[in-house]
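This report concerns only the one structure given below.
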Amino acid sequence: RLDSAVAVGMEEEKDESEATPTPQPKVVPCGVCTAGTAKYKCPRCFVQTCSLPCVMKHKEDAKCSGVRNKAEYRNLTDFTDKDLQSDYHFLSDVERMADNAHREAYKAKLMLRLQLPNHLKNLVRQAFFRAVALQIMPATLQRRKDNTTYFNHKNKEMLWRIEFIFHLDDSVVLAQGKVSEKMPLKQVLAKYIDPDLGLENAKQRLQLASTSKAGLEQLALLIRVEPSPANAAAYYQVCADSSLSTALRNKLIIEFPTVHVMSKEQALTVKIVPTPTEIPSITPDAIAASTGSSQRFSEA
């Protein structure tokens, strides 16, 4: 009896489901041409259209962007998961715009603080005349404090502070001031590695035993490309016979040049790029460059 009762109930349910007609979707005519059946709905003004030409005509006639007004009020009963996702992206965009505005305001204040005194403006200008993009850093940074480069008005020449990093001797760093732009690099290096100088600079030469033993002919002189990330540094190779002004031509120099002295075998392990054919564009300071500022340095 139980089995027969269940079977009768299932048949009755089946008869009821078959008797209930499937609801047909409501046919809505196109709101533009009125001839076709609407397939699309404008997210902004909800006009329904049938094809791409009608969508374009609607945007042109109604001056509609087709972008949903994200700030428009939506009744809670009509709120869907798509609305929730849209609101999330809207708030993310607002947060990003606020952060960008904060960064721009910071950079504007930074530029105001970085107005150079006249002697530094002249130094940058003289470097620019020699096709060197000299970049001055904020006064609080150590590299700015260490820089003793100046322009000799009497002789009309730049006297640079130059720094050497000797990679064959545990990256010993030695610096020299008042180096004339006309002096060849090999002459500047000689005081550190030439054994014929006797007691002169003997202390420095003692630190550079491996470099002195290799000899100038086996050394490569490199200047780092700036700005350049630490994990993907690139270098320009310069000739030891060239003058300092020639070596620095068409390069961006932050405060003063740093020359990396290494063996030719070591130079094969780093990325070397050709020297630019024109002076690079520069930004007011290294911090502004790292934030992506596109403002050119007008003092030059």
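The values are calculated or read from the model by the stated rules, or taken from the named source; none is laboratory data. Predicted model only: the values in this text are computed from it and were never measured. Note: ideal-geometry Cβ built from the backbone for every residue, glycine included; neighbour counts use all protein chains shown. Only protein heavy atoms, including side chains, enter the accessible area calculation; ligands, DNA and RNA are left aside. Shrake-Rupley method; radii C 1.70, N 1.55, O 1.52, S 1.80 Å.
Some points to look at:
- Considering the conditions (1) at pLDDT below 85; (2) outside any helix (DSSP H, G or I), residue 33 is excluded by exactly one of them, (1).
- The helices (runs of 4 or more DSSP H) found wholly in the stretch 116-217 and carrying at least 2 residues that are under 27 Å from the mean Cα position of the chain (by Cα) occupy 118-129, 142-146.
- Among residues of the stretch 64-83 that are on the phi > 0 side of the Ramachandran plot, those with a Cβ under 8 angstrom from a residue that is open to solvent by less than 80 Å² (accessible area, probe 1.4 Å), sequence gap 6+ or separate chain, pair up as 66/42; 66/43; 66/55; 66/59.
- Subset of the stretch 257-294 [farther than 18 Å from residue 218 by Cα, crowded, with 20+ Cβ neighbours inside 10 Å and modelled with pLDDT of 90 or more]: 257
- The stretch 40-66, subset farther than 22 Å from residue 82 by Cβ and either touching a His at 6+ places or on another chain (Cβ under 7 Å) or of a type in the set (Asp, Glu) (or both), residue most open to solvent (accessible area, probe 1.4 Å): 60
- Counted residues, the stretch 71-83 - those being more than 14 Å from residue 43 (Cα to Cα) and surrounded by 10 or more Cβ atoms within 10 Å (Cβ to Cβ): 1
- Contact map, the stretch 184-212: first residue under 28 Å from residue 246 (Cβ atoms), second residue open to solvent by 60 Å² or more (accessible area, probe 1.4 Å) and at pLDDT 85 or above, Cβ cut-off under 8 Å, separation 6 or more or different chains; pairs are 184/241; 185/239; 185/241; 186/241.
- Filtering the stretch 125-174 to residues that are open to solvent by less than 50 Å² (accessible area, probe 1.4 Å) and either of a type in the set (Val, Ile, Thr) or at positive phi (or both) leaves 131, 132, 136, 149, 162, 165, 172.
- Condition check for residue 103: open to solvent by 100 Å² or more (accessible area, probe 1.4 Å), among the basic types (Lys, Arg) and more than 30 Å from residue 151 (Cβ to Cβ): yes
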